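To start, the structure under review is shown below, and the notes come after it.
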Amino acid sequence: MQSHKKIISVARQTIETESKAIAYLAKLVDDEFANAVTHVFNSGGRVIITGIGKSANIATKIVATLNSTGTPAGFMHAADAIHGDLGTIQPEDVVICISKSGNTPEIKVLVPLIKSLGNTLIAITSNKDSFLGKQADFVLNAFVEKEACPNNLAPTTSTTAQLVIGDAFAMCLLDIRGFSSKDFARFHPGGSLGKQLYLRVSDLTDANEKPKVGLQSSLKEVIVEITEKMLGVTAVVEDEKIIGIITDGDLRRMLAKTDDISKLKAKDIMTTNPKRIEGQAMAVKAMDLMEMHGISQLLVEDKGLYKGVLHIHNLIKEGII
């Protein structure tokens, strides 16, 4: 069994090999890359990405990235394409074919078929002089000197390079489209990233209880309000404006230092100038405030009037935290 030292050495060597290859890719980005991006942007169709083996797996990820950042895309397996799936390609579509060698039998069969349809063909390959490279209208150079595999066989560095080229291509299209965080949220409404971009505080608090007491409320009234509303806190309000806050912690600290509690009022216990947030603020801003001040509740207001309480559990439930 390999020692931990040997395992660590192999892992580090793999990462270093791939990182050097990725750094070299930056030097290979040229006018042809820019022309390919511009052509896709102006095409009016989808991007159909194809490949075989590990390159097919990379293709599906690039498709997902393009779709989520505003460029319609679809996947077509190279082997399936020559058995009927060529119908996936529509006249305005641009086809991206991914292959390290650019010379596999499937690619040599597929490429002429794509060319016969009249669609623009973009290659992502490590070999610009390959069959694929020579037939493509644009070549995105994903050259790697060697695989991270010690036998230089298992696709490792080459597939990483393909993925990075795909990411770079997608981000260039995103930039040209002016794709914003609001656009991203529209395409990711159910994920935690999307929720961070569109969920507002009021979306999380409208269904919550709204604990509140007055300045002259008795200690018993304060305890009952906090207990019944089950948020661990109550606002102290006057004319619906927030004057202070009383938390479970405030009650415990008060009981620890006060012998006679019979005459205590809310105004004697509350913390003035509590942290608060507008209902229309983004939920992620509330999360930042809670983390900054080490608190688990925020009072919510709208145009200076008390609207409720945001609890950290609301953020956890929605996956914001």
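The values are calculated or read from the model by the stated rules, or taken from the named source; none is laboratory data. Keep in mind that what you see is a predicted model, and the values were worked out from it rather than measured. Ideal geometry is used to build each Cβ from the backbone, glycine not excepted, and the neighbour counts take in all protein chains shown. Accessible surface is based on the protein model in full, side chains and every heavy atom, while ligands, DNA and RNA are left aside. Shrake-Rupley method; radii C 1.70, N 1.55, O 1.52, S 1.80 Å.
Any residue that is surrounded by fewer than 19 Cβ atoms within 10 Å (Cβ to Cβ) and in a strand (DSSP E or B) - is there at least one of those in region 244-264?
For region 244-264, residues surrounded by fewer than 19 Cβ atoms within 10 Å (Cβ to Cβ) and in a strand (DSSP E or B): absent.
From the list Ser180, Ser130, Ser116, exactly one residue is on the phi < 0 side of the Ramachandran plot, hydroxyl-bearing (Ser, Thr, Tyr), over 17 Å from the mean Cα position of the chain (by Cα) and modelled with pLDDT under 95. Which is it?
After ruling out the rest, the residue left standing is Ser116.
Can you find even one residue in region 55-63 that is open to solvent by 20 Å² or more (accessible area, probe 1.4 Å), charged (D, E, K, R) and without any contact (Cβ under 8 Å) to a residue 12 or more places away in the chain?
No, region 55-63 has no match at all.
Would you confirm, using the coordinates I've provided, whether Gly87 is assigned to a helix (DSSP H, G or I), among the small types (Gly, Ala, Ser) and more than 21 Å from Leu163 (Cβ to Cβ)?
Considered against the rule, which asks whether it is assigned to a helix (DSSP H, G or I), among the small types (Gly, Ala, Ser) and more than 21 Å from Leu163 (Cβ to Cβ), Gly87 comes out as yes.
Which residues, taken from region 267-321, are exposed (fewer than 13 other Cβ atoms within 10 Å of the Cβ), under 13 Å from Thr205 (Cβ atoms) and modelled with pLDDT of 90 or more?
Result: Gln280, single match.
Does region 67-78 include one or more residues that are open to solvent by 30 Å² or more (accessible area, probe 1.4 Å), under 26 Å from Glu106 (Cα atoms) and in a loop (DSSP other than H, G, I, E, B)?
Within region 67-78 (the criterion being open to solvent by 30 Å² or more (accessible area, probe 1.4 Å), under 26 Å from Glu106 (Cα atoms) and in a loop (DSSP other than H, G, I, E, B)), the answer is yes, since at least one residue qualifies.
Give me the residue from region 191-224 that is small (Gly, Ala, Ser), part of a helix (DSSP H, G or I) and buried (at least 16 other Cβ atoms within 10 Å of the Cβ) and, out of that set, modelled with the highest pLDDT.
Ser202
For region 150-177, name all the residues that are over 25 Å from Gln13 (Cα atoms) and either aromatic (Phe, Trp, Tyr) or more than 22 Å from the chain's Cα centre (by Cα) (or both).
Selection gives Phe169 alone.
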